[in-house]
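Here is the structure we will look at.
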Amino acid sequence: QVLVGETFGSRSPVYLFGSQLRYRTVWERGGGAIIGSHWFGPSSAAFAADGSAWIADPRNDIVRHLDAGGHFLGAVGPAGLLEPEGVAVAPSGDVYVADARGGDVARFSSKGHPLGTLGAGRLKHPVAVAVAPNGNAYVADDAADRVFVLSPNGALLASWGGAGSAAAHLNEPAGIAVDPAGHVF
């Protein structure tokens, strides 16, 4: 299946191609707050092993969890995330959220329970996150012009990049992915 979010417009829809679902119209209750399916700039999505999707909606400061059929399962962030731009699901099922204005990566269980944060004090504006098969998180920080590698407990393992035009430099990295073999893109 392919998940596509339109990021412009006052009510940006999210489409799930393959089942032809369009998430947009109803309001549901979840996570102790009224969570609408009105999207305001969905920026990234990640699929869990069970086929459910976690979708970041930074302008609503929320990440929604939908089942494979598009039904609302819950949400994280109504009172804690500040512009969640990127989302990834680890092999363990934990959910990692690049919280751009929060300056860290929030970690949640597969059920949405908070497990802590990574990178606080090191990250400036994390916009994308990917998790390697070994559980390490790779974070693209556009304000730092760097990629940071963090262990599951938050230890800084490595970083690369920096502003400039040389081959090893980055200018506002906005996306990152890790394949099953651990190669970083």
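Cβ-Cβ contacts under 8 Å between residues 6 or more apart (or on different chains), taken from a first residue in region 49-61 that is under 16 Å from residue 72 (Cα atoms) to a second residue that is among the aliphatic types (A, V, I, L, M) and surrounded by fewer than 19 Cβ atoms within 10 Å (Cβ to Cβ), are listed as 50/68; 51/68; 52/68; 52/73; 53/68; 54/48.
Residue 94 fulfils the conditions (1) within 20 Å of residue 55 (Cβ to Cβ); (2) over 13 Å from the mean Cα position of the chain (by Cα); (3) of a type in the set (Asp, Glu) except for a single criterion, (2).
If you go through region 95-113 and keep only what is touching a residue at least 24 places away in the same chain (Cβ under 8 Å), part of a loop (DSSP other than H, G, I, E, B) and out of contact with any helix residue (DSSP H, G or I) (no Cβ under 8 Å at 6 or more places or on another chain), you end up with 101, 110, 111, 112. Quick one: is residue 149 within 16 Å of the chain's Cα centre (by Cα) and surrounded by 12 or more Cβ atoms within 10 Å (Cβ to Cβ)? Yes.
Here residue 179 clears all of (1) surrounded by 17 or more Cβ atoms within 10 Å (Cβ to Cβ); (2) farther than 25 Å from residue 64 by Cβ except the condition numbered (1). Residues in region 45-67 that are among the aromatic types (Phe, Trp, Tyr) and buried (at least 19 other Cβ atoms within 10 Å of the Cβ): 54 only.
Considering (1) open to solvent by less than 20 Å² (accessible area, probe 1.4 Å); (2) in a loop (DSSP other than H, G, I, E, B); (3) at pLDDT below 90, the lone condition that residue 81 does not fulfil carries the number (3).
The values are calculated or read from the model by the stated rules, or taken from the named source; none is laboratory data. Fair warning: this is a prediction, and the values are worked out from it, not measured in the lab. Virtual Cβ from ideal backbone geometry, glycine too; neighbours counted across all protein chains shown. We work out accessible area using only protein heavy atoms, side chains counted, and drop any ligands, DNA or RNA first. Shrake-Rupley method; radii C 1.70, N 1.55, O 1.52, S 1.80 Å.
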